[in-house]
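Colleague: My questions will all concern the structure given below.
The values are calculated or read from the model by the stated rules, or taken from the named source; none is laboratory data. If you're wondering where the values come from, they're calculated on a predicted model, not measured in any experiment. Please note: Cβ atoms are built from the backbone with ideal geometry, for glycine as well, and neighbour counts cover all protein chains shown. Surface accessibility is based on the protein's heavy atoms, side chains included, excluding ligands, DNA and RNA. Shrake-Rupley method; radii C 1.70, N 1.55, O 1.52, S 1.80 Å.
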Amino acid sequence: IVNAYSKNQFSYNTVLTTGIVSFMKQKQFDNKEYKFKIFDAAGQERYKSLSNTTIQIADGFFMVFAVDNKDSFNRVIDWIDFIDEHVNLEEKVLYLIGNKIDVETDERMVTKEEAEEFAKSKNFKYFETSALKNKGIDEAFEEIFKDIYEMYKYSEKRNSNFNLDMKNINNEKNKKKKKC
């Protein structure tokens, strides 16, 4: 999915991600340019310790499973639990992504309804994509960028109010110090 989005191509020879790979994407919101750093973290169990650092700094997550592989869906559920142990999910944007929707219907092991129901139970958005056909990928990335920006915009307002209050507190402290 990351290769399909970042390079606009699909390769059958793509190897599994080992460790963490990243790239930047610029987007414009409210007439300002923002840079989004996209991490592609390996989903294998052995990379959880590497991913823990990324989890702490990430604002959003694509939890990707293959619709023709029930085990990959179950591993995503485990990863969501792992992330939930390390950060407050309410402060993050998380999307459940069902990939490989280009497979034949009888090869599908996770139904759209099952995935949507799980996503809804966790209050996540759900997208279906095909890296092979480059379907749904741009839409999913655009949506997560927008949601992260909205979250940032909200927290920026909250933080600026907090900082304003802190400046007032600091000014009061400085005045008291001068009187002593």
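Colleague: Which ones in the range 111-134 are open to solvent by 60 Å² or more (accessible area, probe 1.4 Å) and among the polar types (S, T, N, Q)?
Modeller: Of everything in the range 111-134, those that are open to solvent by 60 Å² or more (accessible area, probe 1.4 Å) and among the polar types (S, T, N, Q) turn out to be THR111, SER121, ASN123.
Colleague: Shifting gears a bit: Looking at the range 85-100, which of its residues are open to solvent by 50 Å² or more (accessible area, probe 1.4 Å) and at pLDDT 90 or above?
Modeller: LYS100 - this is the single residue of the range 85-100 that is open to solvent by 50 Å² or more (accessible area, probe 1.4 Å) and at pLDDT 90 or above.
Colleague: What is the one condition in (1) under 12 Å from the mean Cα position of the chain (by Cα); (2) at pLDDT 80 or above; (3) open to solvent by 50 Å² or more (accessible area, probe 1.4 Å) that ASN31 does not satisfy?
Modeller: All conditions pass for ASN31, except number (1).
Colleague: Please determine whether any residue of the range 111-125 is in contact with a Ser or Thr (Cβ under 9 Å, 6 or more places away or on another chain), hydrophobic (A, V, I, L, M, F, W, C) and under 24 Å from LYS146 (Cα atoms).
Modeller: No, because not a single residue in the range 111-125 is in contact with a Ser or Thr (Cβ under 9 Å, 6 or more places away or on another chain), hydrophobic (A, V, I, L, M, F, W, C) and under 24 Å from LYS146 (Cα atoms).
Colleague: Okay, next question. Return the only residue of ILE77, ILE137 being at pLDDT below 95 and buried (at least 16 other Cβ atoms within 10 Å of the Cβ).
Modeller: Working: ILE77 fails: buried (at least 16 other Cβ atoms within 10 Å of the Cβ).
Just a single option satisfies the conditions, and that option is ILE137.
Colleague: Further question on the same structure: State whether one or more residues within the range 112-124 are within 12 Å of the chain's Cα centre (by Cα) and not in a helix (DSSP H, G or I). Let's see the steps before the verdict.
Modeller: Quick first cut of the range 112-124, residues within 12 Å of the chain's Cα centre (by Cα) only: 124.
If we keep only those that are not in a helix (DSSP H, G or I) as well, we get 124.
Scanning the range 112-124 turns up at least one residue that is within 12 Å of the chain's Cα centre (by Cα) and not in a helix (DSSP H, G or I).
Colleague: Considering the range 43-74 alone, what residues qualify as being open to solvent by 30 Å² or more (accessible area, probe 1.4 Å), in a helix (DSSP H, G or I), modelled with pLDDT under 90 and not basic (Lys, Arg)?
Modeller: If the condition is that a residue be open to solvent by 30 Å² or more (accessible area, probe 1.4 Å), in a helix (DSSP H, G or I), modelled with pLDDT under 90 and not basic (Lys, Arg), then GLU45, TYR47, SER49, LEU50, ASN52, THR53, GLN56, ILE57 are the ones that fit.
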